[in-house]
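A.B. asks: Dumping the structure here so I can ask a few things about it.
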Amino acid sequence: MESFFLNLGLSYTWSKALPYILMIILGLLIGIYLFRKTKSKTIKIISVLLIGVPFGAYFAVNPIYQGDFSNESRTVEHSPATSELTGKKLVVISLPGCGYCKESVERLKEVKKLHDKLEVEYVVTSTDSMTLEFYKEVIKGEFPLRLAENPDEMTKLAQGRYPSFVLVNEKEPMTIWVNNTFGAMAMDEVVNHFR
């Protein structure tokens, strides 16, 4: 359902929130309808209980995560230690063999389809070029992929949490999210940055 709303042009935040709102309304409509159409006290009690079923079912399939409706980022000033992060782009600092980092590729490919101005680069905190193979098979040339020039500094920047998403613009401090805080509101901030 989120994809439907995104394709209509709604923001990531609204596309995430609207299905939950609609499920609450659907539950209320079903409950009210059944409550009014029956005289049985048992059915009336069941109709009241049914109000939460659509929301609960949708939530079970599409849970709300910590970062979905909050924008918990931190900002870091550019420094000589982070000089490899240049231009205007979203840099995904990744760890060799990190499954969550690999999953983020598919998500960002979907975002890129809707927002073609988005620039994404994957930086792997390693000195071994063989570690790039893990990502090449899923990135398939869609995003630039490289080893970190200074893996220790990139690890410090990520605070050892992967993937870390770094919004880079040389004229502004860098904005950084970790995987569990990179939700709908963060995506809206990133997308707006490239408009």
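Please treat every number below as a calculation from the coordinates, not as lab data. Predicted, not measured: the structure shown is a model, and the values here were computed from it. We place every Cβ from the backbone using ideal geometry, glycine too, and count neighbours over all the protein chains shown.
A.B. asks: Take Ser83 and Ile24, extend 7 Å from each Cα along the Cα→Cβ direction, and tell me the distance between the two endpoints in nm.
C.D. replies: With each label placed 7 Å out from Cα toward Cβ, I get 5.2 nm.
A.B. asks: Follow-up question, since we're still on this one. To the nearest 10 degrees, how steeply does helix 99-114 sit against the main Cα axis of the chain, on a 0 to 90 scale?
C.D. replies: Rounded to the nearest ten degrees, it is 80.
A.B. asks: Provide the per-residue ³J(HN,Hα) series for region 137-151, in order, calculated from phi with Karplus coefficients 6.51, -1.76, 1.60 and θ = phi - 60°, each as a whole number of Hz, with x at glycine and proline positions.
C.D. replies: Values, residue by residue: 5, 9, 6, 6, x, 5, 10, x, 9, 8, 7, 5, 5, 10, x Hz.
A.B. asks: Between Tyr12, Tyr20, Tyr162, find the one with the highest GNM mean-square fluctuation for the chain; connect C-alpha pairs within less than 10 Å.
C.D. replies: Tyr20
A.B. asks: Looking at this model, which pairs from Lys140/Lys171; Lys16/Lys102; Lys112/Lys140; Lys109/Lys171; Lys89/Lys140 are more than 24 angstrom apart at the alpha-carbon? Working shown, then result.
C.D. replies: On the way: Lys140/Lys171 31 Å; Lys16/Lys102 22 Å; Lys112/Lys140 14 Å; Lys109/Lys171 26 Å; Lys89/Lys140 19 Å.
Check vs 24 Å cut-off fails for Lys140/Lys171; Lys109/Lys171.
A.B. asks: Which length gain, in nm to one decimal place, applies between Arg107 and Phe194 when the Cα-Cα distance is subtracted from 0.36 nm times their residue separation? Please report the intermediate quantities before stating the final value.
C.D. replies: Working: separation 87, 0.36 × 87 = 31.32 nm, distance 1.71 nm.
Gain on extension, Arg107 to Phe194, equals 29.6 nm.
A.B. asks: What trypsin sites (Lys or Arg not before Pro) in region 1-74 are in a loop by DSSP, with at most 12 other Cβ atoms within 10 Å of the Cβ?
C.D. replies: Answer by residue number: Lys39.
A.B. asks: Report the relative contact order of the chain, percent, no decimals, based on alpha-carbon pairs under 8 angstrom and at least 6 residues apart.
C.D. replies: 27
A.B. asks: For the chain, give the share of DSSP beta bridges that are antiparallel, in percent and rounded to the nearest 5; count only bridges with both residues there.
C.D. replies: 60
A.B. asks: Taking 8 Å as the Cα distance limit and 6 or more residues as the minimum spacing, I'd like the relative contact order of region 71-146 as a percentage.
C.D. replies: Relative contact order of region 71-146: 34 percent.
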